[in-house]
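Quick note: the coordinates plus some simple rules give every number you see, no bench work behind them. What you see is a predicted model, and the numbers here were worked out from it, not measured in a lab. We place every Cβ from the backbone using ideal geometry, glycine too, and count neighbours over all the protein chains shown.
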Amino acid sequence: MYFQQFFLSCLAHASYFIGSGGVAAVVDPQRDVEIYLREAEEHGFTIRYVIETHLHADFVSGHRELAARTGAQIYLGARAHATFPHQDAREGDELLVGKCRLTFLETPGHTLESISVVVHDDEDKPSMVLTGDTLFIGDVGRPDLGGDPKDLAAMLYDSLHGKLMKLPDEVAVFPAHGAGSLCGRAMSTDRSSTIGRERQTNYALQAPDKAAFVELLTSELPDRPGYFATDVELNRAGATPLGELRAPQALSPQEVRARQEAGAIVLDTRDEDAYGAGHVPGSISISLDGQFAVWAGTVVGLENDVIIVAEDEERVHESQMRLTRVGIDRATAYLSGGVEAWKAANMPVAQIAVLDPCEFATAIAQPNVQVVDVRRPAEWSSGHLPFAVHMPLNRLMGTMRELDPKRPIALHCKSGYRSSIAASLLEREGFSNIVHMRGGWDAWQETRL
């Protein structure tokens, strides 16, 4: 058996390629499917099957395009009610991939239609299980993406203890996500595990009974980004093939300004220092070198026209690709020549100071400064500045009215990535005199301030 995991760090998403006897199956493909086509060609496989463990909410899947380009059959949980051609996968159904046998388990809980795929190797022994978002490494799927959370959590308990935990301890576990995904809350950075290890170490599997498990999973659920529901429906219907999307159009500074005034969002994908040194006024900063697509989906949304600002055309195309992975298909233009062209055209340039920790300490010691921590609640609880106010980035648009626009604002997050986004959002809403900390809370602690 040939087995390959593809891990997409920007989305903390794992997909899988299983091959045997010249035949292959792809599980939970990302939207840009060329990697699977290349893998099949390089190793002499024909992709016959595409398997979705559930309707993903945090990214747009390439299942329909991959099936169209290979003639493969798509398999999906029966309760998905998908509207594209597919085969319902039900409990105990099997697929033969060469000498490898795949068995489907219905494992609802994260979603109603969730399935897991048990892989039997050439000796017909269960060697691994692809668990989708049902069981993660060190965590389990959140139960609030398709029904009553308590009902789904109860189903998830049954799926875990009644099915997955009945597999032998040595069976390898390969989930659809790792640390950084919003589909759980305590995932490990490890990309695989075993049933035995998860049985012993996974916090959610230590709950003494179903009631305790339900309470554990449904208390303090993390916020659900607005684009999740849209991505589910895109995946239920099957997304537009990437080849049918328009390549980004080069715009002059004057054209960018006109489109921005007409409502388009200017998205600056450079790093926080480059953005702070000079940017298009009113643009949103989300660096490509981080969880770019997740924050773009959360902050920008899927319904707006987007104009990309980047260092060069290669980064423009990379930005567009990553945006399409979460369903932002309207990023079809970019600022030709970048910020340098904007400056050369004598357009107004905005700046936001990025301060080292010692400089930040001096700034926040001044009277009347509003110190804002935009980290997540768990990060805040682990330690924070005693005079800071807590405004998690994903809630900032709804809470920034609590800030006084006439007073200076000093922002920080964990690393400086999210505080740059926050600074740009505040500036866009008319706030001025904003600074944020380079390196964030991590740098602050390293400096022992």
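Quick notes
- Ratio of Rg to Rh over segment 245-344 (Cα coordinates, Kirkwood Rh, two decimals): 0.91
- Couplings 3J(HN,Hα) for segment 207-219, derived from phi with the Karplus relation 6.51 cos²θ - 1.76 cosθ + 1.60 (θ = phi - 60°), are 4, x, 7, 5, 4, 5, 5, 4, 5, 4, 7, 9, 8 Hz, where x marks Gly and Pro.
- Over segment 2-231, the pair-distance histogram of Cα-Cα distances with 5 Å bins from zero comes to 1, 7, 16, 20, 22, 17, 10, 5, 2, 0 percent, rounded to whole numbers.
- Residues with amide H under 5 Å from that of residue 371, placed H, sequence gap 5 or more: 389, 410
- Counting only Cβ charges, +1 for Lys and Arg and -1 for Asp and Glu, the dipole size of the chain around its Cα centre is about 620 debye.
- Along the chain, counting only trypsin sites (Lys or Arg not before Pro) with a DSSP assignment other than H, G, I, E or B and at most 11 other Cβ atoms inside a 10 Å radius, the longest segment between sites is 1-245.
- Per-residue ellipticity at 222 nm computed for the chain from its helices equals -8500 deg cm²/dmol, with DSSP H segments shorter than 4 residues left out and the rest contributing -39,500 (n - 2.57).
- Estimated at 0.36 nm per residue, the fully extended path between residue 304 and residue 259 surpasses their Cα-Cα distance by 15.0 nm.
- Fluctuation leader among 21, 416, 276 - the chain, Gaussian network, Cα springs under 10 angstrom: 21
- Proximity of backbone amide H atoms, modeled 1.01 Å from N, is registered between residue 91 and 106 at under 5 Å, excluding neighbours fewer than 5 places apart on the same chain.
- Mean separation of Cα pairs under 8 Å and 6 or more residues apart, divided by the residue count, gives the chain a relative contact order of 12 percent.
- The phi torsions of segment 286-303, fed into the Karplus equation with coefficients 6.51, -1.76 and 1.60 and a -60° offset, translate into couplings of 9, 5, 5, 8, x, 7, 4, 5, 4, 6, 5, x, 6, 8, 7, x, 9, 9 Hz, rounded to whole numbers, with Gly and Pro shown as x.
- Unit charges at the beta carbon, dipole of the chain: most positive-side option, 132, 265, 387: 387
- Among beta bridges that DSSP assigns inside the chain, antiparallel share in %, nearest 5: 45
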